[in-house]
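The values are calculated or read from the model by the stated rules, or taken from the named source; none is laboratory data. Source: prediction; values computed, not measured. Ideal geometry is used to build each Cβ from the backbone, glycine not excepted, and the neighbour counts take in all protein chains shown.
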Amino acid sequence: MTLYHCMSARSFRPLWMLEELGLPYELKMLPFPPRVKAPSYLEINPLGAIPAFFDGAARMTESAAICHFLAARHSPRQLNVEVDEVEFGVYLNFLHFGEATLTFPQTLVLGSPPWLTVRATDWISRVRPHVRNTRRTMVVL
Ligand SMILES: N[C@@H](CCC(=O)N[C@@H](CS)C(=O)NCC(=O)O)C(=O)O
C-alpha cells in the first residue's frame, strides 16, 4: 500500500487509519501544495489534491473513502460497521457528513479564506447561521 501525504492535510485521515490498523505501507511525503511544489504529482493524481492511495488494483483519492476501504478490507467487524449492523446508516452518514457537510462551516470558522473581502462584521453574520444549523444537525443526528 502506498499513501501520498502532506503535513496537516486530509491525507492525515487515511494515515491515522493505517496506523490504527497496524498495516504495512509506504508513505510518500510531498510539500504543500503539491500541484505547485511537486508538479510531477499531477501524473499520480491529475486533480493535484492530496491524498492519493494505492492498494493493488485500487487507486483512490478521497480521504473518507480510503478510510472506509481500509476498514472494510482490513478490519471487517472490528473498525468497520457492516451492512447487516443496526449502526450501518449512522456510520455511513457521519463518515460522509465530515467531508460533505461539515467541511464548509468548519473552514469558515477555523480558516481565514483569502478570497474573503467582505468586512468582518458582515462575515460573522453570514457564517453564524451556517454554524448554528450545523451544530443543530449534529445534535439531532
Ligand atoms: N475530498 C478530498 C479533498 C482533498 C483536498 O482538497 N485536499 C487538499 C488538502 S486538505 C489539497 O490537496 N489541496 C491542495 C490543492 O488542491 O492544490 C478528500 O477528502 O480527500
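List the residue pairs whose Cβ atoms are under 9 Å apart, where the first residue sits in the stretch 81-106 and is at negative phi, the second is aromatic (Phe, Trp, Tyr), and the two are 6 or more positions apart or on different chains. Correct list of pairs: 81/88; 81/91; 82/88; 85/91. Residues that are more than 16 Å from the ligand (Cβ to nearest atom) and of a type in the set (D, E, K, R) within the stretch 16-41 comprise 19, 20, 26, listed in sequence order. The single condition among (1) outside any loop (DSSP other than H, G, I, E, B); (2) among the aliphatic types (A, V, I, L, M); (3) within 15 Å of the ligand (Cβ to nearest atom); (4) in contact with a strand residue (DSSP E or B) (Cβ under 8 Å, 6 or more places away or on another chain) that residue 102 does not satisfy is (4). Annotation for the stretch 21-40: no member residue is at pLDDT 95 or above and under 17 Å from residue 98 (Cα atoms). For the stretch 45-64, a residue qualifies if it is surrounded by 12 or more Cβ atoms within 10 Å (Cβ to Cβ), within 12 Å of the ligand (Cβ to nearest atom) and closer than 15 Å to residue 4 by Cβ, and the qualifying residues are 45, 48, 49, 50, 51, 52, 53, 60, 61, 62, 63. Selection of the stretch 1-24 for residues being surrounded by fewer than 17 Cβ atoms within 10 Å (Cβ to Cβ) and assigned to a loop (DSSP other than H, G, I, E, B) yields 7, 8, 22, 23, 24. Output the residue which, of all residues in the stretch 110-129 that are in contact with a helix residue (DSSP H, G or I) (Cβ under 9 Å, 6 or more places away or on another chain) and surrounded by 13 or more Cβ atoms within 10 Å (Cβ to Cβ), is modelled with the highest pLDDT. Looking at residues that are in contact with a helix residue (DSSP H, G or I) (Cβ under 9 Å, 6 or more places away or on another chain) and surrounded by 13 or more Cβ atoms within 10 Å (Cβ to Cβ), I get 127.
Being of a type in the set (S, T, N, Q) and within 13 Å of the ligand (Cβ to nearest atom) is a property that residue 8 has.
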